[in-house]
1. Among R57, R21, R63, R50, which is open to solvent by 30 Å² or more (accessible area, probe 1.4 Å), basic (K, R) and under 23 Å from S184 (Cβ atoms)?
2. When residues of the range 100-127 are filtered for being open to solvent by less than 60 Å² (accessible area, probe 1.4 Å) and in contact with an Asp or Glu (Cβ under 7 Å, 6 or more places away or on another chain), how many remain?
3. Which one of these is more than 21 Å from L67 (Cα to Cα), more than 15 Å from the ligand (Cβ to nearest atom) and under 16 Å from the mean Cα position of the chain (by Cα): T246, T138?
4. Is it the case that Q211 is within 12 Å of the ligand (Cβ to nearest atom), over 17 Å from the mean Cα position of the chain (by Cα), of a type outside the set (F, W, Y) and in a loop (DSSP other than H, G, I, E, B)?
5. Just for the range 24-43: of the residues that are farther than 16 Å from Q181 by Cβ and either acidic (D, E) or under 14 Å from the mean Cα position of the chain (by Cα) (or both), which one is least open to solvent (accessible area, probe 1.4 Å)?
6. Could you check the range 214-237 and list, in sequence order, the residues that are in a helix (DSSP H, G or I) and either of a type in the set (S, T, Y) or open to solvent by 30 Å² or more (accessible area, probe 1.4 Å) (or both)?
7. Looking at T230, T270 in this structure, which one is more than 15 Å from the ligand (Cβ to nearest atom) and not small (G, A, S)?
8. Pick from the range 153-179 the residues that are in a strand (DSSP E or B) and open to solvent by 10 Å² or more (accessible area, probe 1.4 Å): which of them is nearest to the ligand (Cβ to nearest atom)?
Amino acid sequence: MHTLRDGTPLPHVGFGTYPLRGEEGVTAITSALEVGYRYLDTAVNYDNEREVGEALRRSGLPREEVLVATKLPGRAHERASAIASVEQSLERLGLDRLDLVLVHWPNPSKGRYVEAVEALIECRERGLVRWVGTSNYTPAHLREVVAATGEAPVLNQVECHPLFPQADLLPVHEELGILTQAWSPLGKRQAQYDAAPVLAPAQRLGVSPAQVILRWHLQRGIMPLPKSGTPQRQRDNLDVLGVELTEQEVAAISALGREDGRLFDGDPETHEEM
Ligand code: A2P
């Protein structure tokens, strides 16, 4: 369903692990693997890389069957710190190699969002990670990265849900060959489960509003990373391949988008997260 620009296929839906922690977190992440997720999204700042590694081992799945992505925190953008951060992530996860490392936030006030990508490219050249990605990069940040390194990140993970559908970013990603991943794909506290454009197709198809929203992402070419601690919801969120929205239904959900639709003050131009 999704492919990186080198042709590597990715699962249609990945598993978001924030804020799953501790023994309960390990159980939830292990359950996600048992119900069929094959892509785990973590971050240094989620403070759960050990739990992700433990769940992978408990699942008994061969390492090569699961893609694992983590993220570099803002405090580690400088080249040497970035490389050290990736090495520490590997140690906490108990892995020899990560599939993806993303720069978590551009933190423009630090001005090192290009250097951080360059450091991850160096990690890739050293065999510590297979692909380099970004998160929350704006079109301007992405273009600076391309100008400096000659390559775009393979994917950019951004806030995306019906209230904030990222209509302007998608064509830039397409132009640069970047896959779009969605964080908070359901919209958390502001999930639009009761909005008519979501509810109507859910009733028509006999599926849940969450499944309609996840399917909306897929039909826009976006890989959603829903989090759920509940096995039944984990299953439902994965079980969306049989759901088919009409073009009009997709457009009606996108029309729920609002300028001020972000979940919190997560504008990458101003949000600083170290
Ligand atoms: P829970 O973990 O109890 O299932 P997002 O991925 O957009 O950040 O949303 C995560 C939130 O949505 C969590 O609170 C999660 O709760 C809830 N959630 C996940 N899947 C579903 C679903 N299928 N239906 C309703 N709520 C869901």
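The values are calculated or read from the model by the stated rules, or taken from the named source; none is laboratory data. This is a predicted model, so every value here is computed, not measured. No Cβ is skipped: glycine too gets one built from the backbone with ideal geometry, and neighbour counts run over all protein chains shown. Accessible surface areas use protein heavy atoms only, side chains included; no ligands, DNA or RNA. Shrake-Rupley method; radii C 1.70, N 1.55, O 1.52, S 1.80 Å.
1. Answer to the check: R21.
2. From the range 100-127, those open to solvent by less than 60 Å² (accessible area, probe 1.4 Å) are 100-108, 111, 113-117, 119-123, 127; that's our starting set.
Imposing the further condition that a residue be in contact with an Asp or Glu (Cβ under 7 Å, 6 or more places away or on another chain) reduces the set to 104-105, 107-108, 114-115.
The qualifying residues number 6.
3. On the way: T246 fails: under 16 Å from the mean Cα position of the chain (by Cα).
Just one listed residue meets the conditions, T138.
4. no
5. Of all residues in the range 24-43, those farther than 16 Å from Q181 by Cβ come to 24-36.
Next, from what is left, pick out any that are either acidic (D, E) or under 14 Å from the mean Cα position of the chain (by Cα) (or both): 24, 34.
Working: E24: 155, E34: 139 Å².
Out of the qualifying residues, it is E34.
6. Of everything in the range 214-237, those that are in a helix (DSSP H, G or I) and either of a type in the set (S, T, Y) or open to solvent by 30 Å² or more (accessible area, probe 1.4 Å) (or both) turn out to be Q219, P231, Q232, R233, R235, D236.
7. Working: T230 fails: more than 15 Å from the ligand (Cβ to nearest atom).
Answer to the selection: T270.
8. Only one residue tops the list, namely F164.
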